[in-house]
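The values are calculated or read from the model by the stated rules, or taken from the named source; none is laboratory data. No experiment lies behind these values; they were computed from the predicted model shown. Every residue, glycine among them, receives a Cβ derived from its backbone with ideal geometry; neighbour counts consider all protein chains shown. Keep in mind that these areas ignore ligands, DNA and RNA; they rest on the heavy atoms of the full protein, side chains included. Shrake-Rupley method; radii C 1.70, N 1.55, O 1.52, S 1.80 Å.
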Amino acid sequence: WIRFYVRQGTQSELNLAGIGESTIHPDFVDFVRLARAAVGPRVKIIFATNGIKHDEEMVKGIAPYKPEVVVSLHRPEKAGLAVQMYHKYGLLQGVSSHPATEPNSWAGQVEWPDNGPTLPCQWLQGGKAFVLADGRISRCCLDATGDGVIGHVDDPIGSIETSPCTLCKGC
């Protein structure tokens, strides 16, 4: 799918997001390599991590492919080391404390007490969509069940559903 959108000229970023911690996959370094090969040198590759599965070998292995990394601080005992390693290899884009300071329901997967306002959804604000492995398009990067699916990458652009997303309070 990514190659298709790169050829169309509409893909400026590839977010290696998963429902959960992407870096725990045993082939993650290879996935980053394949992603860079697919998008070329100009498309940004980015992912977020909580730092749960990091070691020098993994970070060094992805460094040549220049992904940008945001470390989520919701696992502080792991995040500190991850921040240091990604910084060492020039990959650290930033850190995020939002899971604790401005929580959301993670598309209905987590029940929080009412903690006041949440951040507006960065995906919706940026006009982004999330393409699942099978080509379905969701409005939400946390849509583990496909409840927010609005179409498929093979659908004509005018037929994609545009109703508001309601999976999170911030949507």
**OP:** Out of the residues in region 79-99 that are in contact with a Ser or Thr (Cβ under 9 Å, 6 or more places away or on another chain) and assigned to a helix (DSSP H, G or I), state the one that is nearest to LEU142 (Cα to Cα).
**Re:** PRO99
Original post:
Can you pull out the residues in region 55-73 that are within 17 Å of the chain's Cα centre (by Cα) and closer than 15 Å to SER22 by Cα?
Top reply: ILE62, PRO67, GLU68, VAL69, VAL70, VAL71, SER72
Original post:
Within region 122-141, is there a residue that is over 22 Å from PHE31 (Cβ atoms), modelled with pLDDT under 75 and surrounded by 14 or more Cβ atoms within 10 Å (Cβ to Cβ)?
Top reply: yes
Original post:
For region 20-45, which residues satisfy the criterion of being within 11 Å of the chain's Cα centre (by Cα) and of a type in the set (S, T, N, Q)?
Top reply: SER22
**OP:** Quick one: in region 1-45, of everything that is of a type in the set (Val, Ile, Thr) and part of a helix (DSSP H, G or I), which residue is surrounded by the fewest Cβ atoms within 10 Å (Cβ to Cβ)?
**Re:** ILE24
Original post:
When region 150-170 is examined, which residues are found to be open to solvent by less than 40 Å² (accessible area, probe 1.4 Å) and without any contact (Cβ under 8 Å) to a residue 24 or more places away in the chain?
Top reply: ILE150, GLY151, ILE160
Subject >> Pair list, Cβ < 7 Å and 6+ apart or interchain, from region 38-59 residues that are under 20 Å from ILE2 (Cβ atoms) to residues that are in a loop (DSSP other than H, G, I, E, B) and open to solvent by less than 20 Å² (accessible area, probe 1.4 Å) >> reply: ILE45/PRO67; ILE46/PRO67; PHE47/PRO67
Original post:
Quick check: anything in region 39-50 more than 17 Å from SER12 (Cα to Cα) and in contact with a His (Cβ under 9 Å, 6 or more places away or on another chain)?
Top reply: yes
Original post:
Does LYS60 fit the bill of being part of a helix (DSSP H, G or I), basic (Lys, Arg) and touching a Gly at 6+ places or on another chain (Cβ under 8 Å)?
Top reply: no
Original post:
Does ALA107 qualify as being over 25 Å from GLY146 (Cα atoms), open to solvent by less than 70 Å² (accessible area, probe 1.4 Å), of a type in the set (A, V, I, L, M) and at pLDDT below 95?
Top reply: no
Original post:
Yes or no: ALA48 within 17 Å of the chain's Cα centre (by Cα), among the aliphatic types (A, V, I, L, M) and within 18 Å of ASP30 (Cα to Cα)?
Top reply: yes
Original post:
Any residue at all in region 72-92 that is buried (at least 17 other Cβ atoms within 10 Å of the Cβ) and under 20 Å from PHE130 (Cα atoms)?
Top reply: yes
